[in-house]
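Everything below concerns the one structure shown next.
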Amino acid sequence: MSASQAVEVLRQHLIDPEICIRCNTCEETCPAHAISHDSRNYVVDAAKCNFCNDCISPCPTGAIDSWRQVDKAKPYALVEQLAWDSLPAQTEVDDPLMSPVTFALAGNRLITIRYHEPKAFKTFPLRAEKVATGCTSGDTILIGLLEAIVDRLADILERAGRDVEAISRDIFEARSTKASKRNRDFQELLKGIGRKEDLASSVRDSLISLQRLAGFLAHVAAQAKMSKDVRARIKTLSRDVLSLADHATFLSQKISFLLDATLGMISIEQNAIIKIFSVAAVIFLPPTLVASIYGMNFDIIPELKWEFGYPFAIGLMVVSAILPFWYFRRRGWL
Ligand code: SF4
Ligand code: SF4
């Protein structure tokens, strides 16, 4: 489907596989039999779920209280959900919110100062309860949290990369048929490109802060003679941040290229339309020249005595104005 088409949004009910403890409570509770599972994941069938919310409060972990806004025509299928290790990042209908977080590490205590609830902060404690993350002290909790933030940024970048691919296909591939040419909407494409560039810049900013933080942590860990394992985790974190920053830069460059390509396409399209208008003007030039020389200077003009000549002439003028307008609209030139 073209990016220009209006998308009907569905708030799809999902289960977070990272938090779910596979207790089966939701499946037993659901009156619509919308929940099923395999040996790996619990999943919600978008076609059956009626949003009654009966499953939300019995869930002991909150894994069932997960939602994603998706194209109503393309909800996440059961096979897709069954293969997930974690929930996919939200699409552009709900762009991630970036805001500063301050970490204060004093002895064995970690304090965070923040003004919203980032996803990583919500999922990390639940995951830490379930899986052994080695969080036994303030510094290991800080590292675990930073790892969760980096994972989240990686998800966001992955989703942004897929969206950029879709925009790229929309620009370069579906251009051959007349119908696709009519359907394209450069304004929407430019808006989409702008949103992705905003997202990539925000992720890059976050990664630069994380890079500085990881550098500082490595220094502190060396000075405080922290365990080998902690220092290895900081090193891996630092490497992950670096490679994600590279990927964010690559994505930004690709977005800039797409912006240039879209502007080039707009220019080509405008030139093609102006060419058509110029040719039409040249075609009508000789008849106009003949009419301007001879005009109505004839003794016998049949319509002069015709009873309906005047309304016919007015009607003809209106139709001759409407017809080109209709044709230009139909071709997408106006
Ligand atoms: S009730 Fe919650 S934790 Fe239990 S299986 Fe369902 S989603 Fe998972
Ligand atoms: S919201 Fe209702 S229908 Fe949907 S999965 Fe939960 S219990 Fe089932």
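The listed residues are Ser57, Ser36, Ser66, and the only one of them that is surrounded by 18 or more Cβ atoms within 10 Å (Cβ to Cβ), outside the structural domain of Ile156 (by TED's automatic domain parsing) and polar (S, T, N, Q) turns out to be Ser66. Residue count for the range 26-40 satisfying the condition of being out of contact with any strand residue (DSSP E or B) (no Cβ under 8 Å at 6 or more places or on another chain) and aliphatic (A, V, I, L, M): 1. Might you let me know whether the range 314-326 holds any residue that is in contact (Cβ under 8 Å) with a residue 40 or more places away in the chain and within 30 Å of Asp185 (Cβ to Cβ)? Checked the range 314-326: no residue is in contact (Cβ under 8 Å) with a residue 40 or more places away in the chain and within 30 Å of Asp185 (Cβ to Cβ).
When you look at Arg22, is it within 9 Å of ligand 1 (Cβ to nearest atom) and of a type in the set (Lys, Arg), yes or no? Spelling it out, Arg22 is indeed within 9 Å of ligand 1 (Cβ to nearest atom) and of a type in the set (Lys, Arg).
Residues in the range 37-47 that are within 11 Å of ligand 1 (Cβ to nearest atom) and touching a residue at least 24 places away in the same chain (Cβ under 8 Å): Asn41, Tyr42, Val43, Val44. Among the residues in the range 43-56, are any of a type in the set (Gly, Ala, Ser), over 27 Å from Ala128 (Cα atoms) and at pLDDT 90 or above? Yes: one or more hits.
Look through the range 7-16, keep the residues that are more than 13 Å from ligand 2 (Cβ to nearest atom) and under 30 Å from Glu188 (Cα atoms), and return whichever of them is modelled with the highest pLDDT.
First, the residues of the range 7-16 that are more than 13 Å from ligand 2 (Cβ to nearest atom): 7-9, 16.
Then keep just the ones that are under 30 Å from Glu188 (Cα atoms); that gives 7-9.
Values: Val7: 50, Glu8: 67, Val9: 72.
Result: Val9.
Do we have any residue at all in the range 59-67 that's within 30 Å of Glu197 (Cα to Cα), in contact (Cβ under 8 Å) with a residue 24 or more places away in the chain and near ligand 1 (Cβ under 10 Å from one of its atoms)? Yes, the range 59-67 contains at least one residue that is within 30 Å of Glu197 (Cα to Cα), in contact (Cβ under 8 Å) with a residue 24 or more places away in the chain and near ligand 1 (Cβ under 10 Å from one of its atoms).
Looking across Arg195, Arg169, Arg184, Arg152, one residue alone is assigned by TED's automatic domain parsing to the domain that holds His247, out of contact with any helix residue (DSSP H, G or I) (no Cβ under 6 Å at 6 or more places or on another chain) and modelled with pLDDT of 80 or more. It is Arg169. Going by what's in this entry, would Ala245 be described as modelled with pLDDT of 90 or more and either aliphatic (A, V, I, L, M) or closer than 27 Å to Val150 by Cβ (or both)? Answer is yes for this residue.
The values are calculated or read from the model by the stated rules, or taken from the named source; none is laboratory data. Predicted, not measured: the structure shown is a model, and the values here were computed from it. Don't worry about glycine lacking a Cβ; one is built from the backbone with ideal geometry, like all the others, and counts go over all protein chains shown.
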